[in-house]
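Just so it is clear, none of the values below were taken in a lab; they were calculated from the coordinates. In this text, all values refer to a predicted model and were calculated from it rather than measured experimentally. Don't worry about glycine lacking a Cβ; one is built from the backbone with ideal geometry, like all the others, and counts go over all protein chains shown.
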Amino acid sequence: MVSIENFNFAGKKAFVRVDFNVPLDENFNITDDTRIRAALPTLKKILADGGSPIIGSHLGRPKGPTDKFSLRHILGHVSELLGVEVQFANDCIGEEAAVKAAALQPGEALLLENLRFYAEEEGKPRGLAEDATEEEKKAAKKAVKESQKEFTKTLASYADCYVNDAFGTAHRAHASTALIADYFDADHKMFGFLMEKEVKAVEKVMKNIARPFTAIMGGSKVSSKIDIIENLLGKVDNLIIAGGMTYTFTKALGGKIGKSLVEDDKLDLALELIEKAKAKGVNLVLAVDAKIADDFSNDANTKFCPVNQIPDEWEGLDIGPETEKKFAAVIESSKTILWNGPTGVFEFDNFTSGSRSVGEAIVKATANGAFSLVGGGDSVACVNKFGMADKVSYVSTGGGALLEAIEGKTLPGIAAIEA
Ligand code: AMP
């Protein structure tokens with residue numbers, strides 16, 4: 001594996017997989033271009049060296065070619081940000097793409113049409129009848145896997161080297177995110193700058209851990225976080241449980257939770273996790289009080305109460321002030337911090353206090369030398385909402401990819417480059 005910093009792209013064509021899956025409004029205006037900006041250092045380095053990036057991405061979840069998910073909509077903005085007029089191929093594997101890729105001169109760039117217009121990108125069959133038999137499903141899967149090889153080979157044929165800068169899709173073994181790497185030797189495939197930063201940040205919290213290491217797991221459900229929690233129990237010193245999960249744990253311990261969010265089929269699991277934490281010497285930190293509401297709404301009546309004494313007809317929508325203090329004390333004395341998921345329904349302004357206080361404690365710890373990684377959809381929205389993104393060590397762009405990495409899984413997009 002080579003590093004992008006040391007690679008000289010002069011005269012070379014690079015297939016660059018980026019994540020330009022940006023939100024568009026009904027007039028196809030980009031409403032948030034963070035993901036495009038995140039890939040600029042890589043694309044600019046290739047151009048500055050005198051290389052030619054051939055840019056591949058997905059946009060949305062198309063079932064086939066459709067104007068709605070055409071990358072043409074973002075071409076102008078990409079050109080503007082890159083400072084060169086980026087060319088466009090209307091089909092990522094057609095004759096036009098091959099001709100345009102071959103004709104690219106040093107310093108010129110080509111954006112390919114949405115890779116997911118082809119089922120071969122994901123390698124999953126499309127258009128199967130709902131009543132398809134198991135045999136038909138198997139045959140369709142086999143067929144798409146077969147044609148995926150040709151698709152991948154075609155994409156690879158455009159370029160002299162491969163750069164993966166799409167951390168957001170690193171947990172997918174798709175044609176352009178992983179399989180394509182097989183067509184390049186170790187000296188001609190590499191991570192882009194963004195991917196490199198993401199991989200380093202994950203390694204820092206998973207491998208080179210400065211202690212104490214504290215993870216704050218918030219969000220809605222235990223069921224969606226169970227694998228991560230189990231994996232973290234073998235690594236962290238403190239595990240703070242927040243958000244909707246709080247009430248499953250509280251109920252499991254015999255508390256009264258009113259009509260708070262709960263997963264009744266996960267009560268035993270919550271008790272098991274408490275036991276596992278004990279056995280591993282992990283300090284499992286649970287909420288002691290809650291901000292409760294008489295309706296799931298920003299305008300509901302609210303009050304504070306002990307987390308295990310929530311009256312019937314009331315529900316916990318955030319942590320209370322005692323819990324804020326308890327969590328902050330643990331966070332502020334930590335040297336490595338991972339935050340995933342809000343402490344409450346932070347989308348409602350009246351229930352942001354807990355998430356904000358966790359963010360503030362992380363910012364304080366970071367200023368005192370801790371390494372803090374914030375990742376996974378909603379916690380990123382939190383730090384952005386509170387203006388804290390540049391006061392933590394690293395905000396990951398990967399949702400599912402980051403969570404799978406923390407679960408301890410090998411990400412195909414990373415493995416394909418490191419192999
Ligand atoms: P997740 O995607 O699992 O990280 O969950 C994030 C969502 O959990 C956010 O939309 C929050 O509003 C929600 N959430 C956090 N705390 C609670 C709570 N106490 N009750 C209901 N939803 C919650």
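The packing ranking, built from the mean of other Cβ atoms within 10 Å per residue, places the peptides 257-263, 146-152, 188-194 in the order 188-194, 257-263, 146-152, highest first.
Straight-distance candidates among the lysines for linking to K278, with alpha-carbon spacing under 21 Å and chain neighbours fewer than 8 residues away dropped: K225, K235, K251, K266, K326. Other residues with beta-carbon under 14 Å from the beta-carbon of V262 carry, at +1 per Lys or Arg and -1 per Asp or Glu, a net charge of -1.
Note on region 277-419: the alpha carbon radius of gyration divided by the globular reference 2.2 N^0.38 Å gives 1.17. Between region 309-354 and region 207-246, what is the C-alpha centre distance in whole Å? Using only Cα atoms, the two centres lie 14 Å from each other.
Among the trypsin sites (Lys or Arg not before Pro) in region 301-364, none is located in a DSSP loop while being surrounded by at most 14 other Cβ atoms within 10 Å of its own Cβ. Each peptide among 106-112, 284-290 gets the average number of other Cβ atoms lying within 10 Å of its residues, and from highest to lowest they stand as 284-290, 106-112. Quick note on region 4-191: its Rg to Rh ratio, both from C-alpha atoms and Rh being the Kirkwood radius, is 0.98.
Taking the Cα atoms of the chain, the ratio Rg/Rh between the radius of gyration and the Kirkwood radius comes to 1.02. Restricting the trypsin sites (Lys or Arg not before Pro) of region 1-102 to loop positions (DSSP other than H, G, I, E, B) with no more than 13 neighbouring Cβ atoms within 10 Å leaves K63.
Sorted on the mean count of surrounding Cβ atoms within 10 Å across their residues, most packed first, peptides 165-178, 46-59 read 165-178, 46-59. In a Gaussian network model over the chain where Cα atoms closer than 10 Å are linked, find which of D160, D294, D32 has the largest mean-square fluctuation. Highest fluctuation of the listed residues: D32. Taking square-rooted eigenvalues a ≥ b ≥ c of the alpha carbon gyration tensor, is region 260-304 rounded, prolate or oblate, where a/c under 1.5 means rounded and, failing that, a/b exceeding b/c means prolate? The shape class here is oblate. Could you name the lysines in cross-link range of K44, using Cα to Cα under 24 Å and dropping any fewer than eight places away on the same chain? By straight Cα distance, K44 reaches K12, K13, K100, K189, K197, K200.
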